[in-house]
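Notes for the one structure printed next.
The values are calculated or read from the model by the stated rules, or taken from the named source; none is laboratory data. Keep in mind that this is a model prediction, so the values were computed, not measured. Every residue, glycine as well, gets a Cβ built from its backbone with ideal geometry; the counts of neighbours run over all protein chains shown.
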Amino acid sequence: MRPISSAPVRRVALPLLALGALLLSVAPVGAQGFGVGGRLAWLKADSDVDVDSARLVGGQVRFVTGRLGLEVSMDRRSEEFELLNEKVTETPIQTSLLLRMGSGRVAPFLLGGPGWYRREVEALDDPELRTKTTEFGWHAGIGLEILASKHFGIHGDYRYTFLGDDDEEDDEDDDGGFIGRFVPGHRGSMWTLGATIYF
């Protein structure tokens, strides 16, 4: 397992700051403003192996101005495997640009952005013995939000995630060559269902 790397943070810090400045400069037209909420998420790896989807519980913070929005979400899931003497905790953190395709009470939207997928494995008989890893990746998808009122919305979306190999020290002559460094190492689907209170 690879140690947590800060390289993904440096790679997207400037674009996220520029995006935040852009969102703050947009004049709100029928905007909801700042919102917080909770959600459920289901993850399914895109592989030939038949595995059940994993359910996560989390929340999101949204800043919406007219048709543009920014969402930061975090989910969490823990599972114990007694035969392996392991407890596995997964914490995906995603930042998504939202583009609403309507201005009514029912509005579809596109979304996409970077994500950090943290995983911690600890021994059940010795919680001090643990390993942490973080993978960086991108996601894109489509969703639908239903505004029950000006200050409350229910939303669901589908996201496809692309997790790459975050090891910057890989040589170009590794498996996959130069082009292989830009091809995602893992793919999967993520469905979310949540509610947001806007202020």
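Quick notes on this one:
- Close pairs (6 angstrom Cβ cut-off, 6 or more residues apart or separate chains): over 29 Å from residue 198 (Cα atoms) in the stretch 130-155, among the hydroxyl-bearing types (Ser, Thr, Tyr) and surrounded by 14 or more Cβ atoms within 10 Å (Cβ to Cβ) anywhere: 135/117
- Considering the stretch 64-116, and only residues there that are of a type in the set (Ser, Thr, Tyr) and in contact with a helix residue (DSSP H, G or I) (Cβ under 8 Å, 6 or more places away or on another chain), the residue that is farthest from residue 42 (Cα to Cα) turns out to be 65.
- Residue 56 being in contact (Cβ under 8 Å) with a residue 40 or more places away in the chain, closer than 30 Å to residue 146 by Cα and crowded, with 16+ Cβ neighbours inside 10 Å: no
- Qualifying positions in the stretch 77-87 - surrounded by 15 or more Cβ atoms within 10 Å (Cβ to Cβ) and either under 30 Å from residue 34 (Cβ atoms) or of a type outside the set (D, E, K, R) (or both): 77
- Unique residue being within 23 Å of residue 187 (Cβ to Cβ), of a type in the set (Lys, Arg) and out of contact with any His (no Cβ under 8 Å at 6 or more places or on another chain) when the list is 67, 159, 100, 119: 119
Yes or no, residue by residue, for (1) surrounded by fewer than 16 Cβ atoms within 10 Å (Cβ to Cβ); (2) touching an Asp or Glu at 6+ places or on another chain (Cβ under 8 Å); (3) at pLDDT below 90:
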position: 111; (1), (2), (3): no, yes, no
position: 114; (1), (2), (3): no, no, no
position: 121; (1), (2), (3): no, yes, no
position: 143; (1), (2), (3): no, yes, no
position: 146; (1), (2), (3): yes, no, no
position: 157; (1), (2), (3): no, no, no
position: 186; (1), (2), (3): yes, yes, yes
position: 192; (1), (2), (3): no, yes, no
position: 198; (1), (2), (3): no, no, no
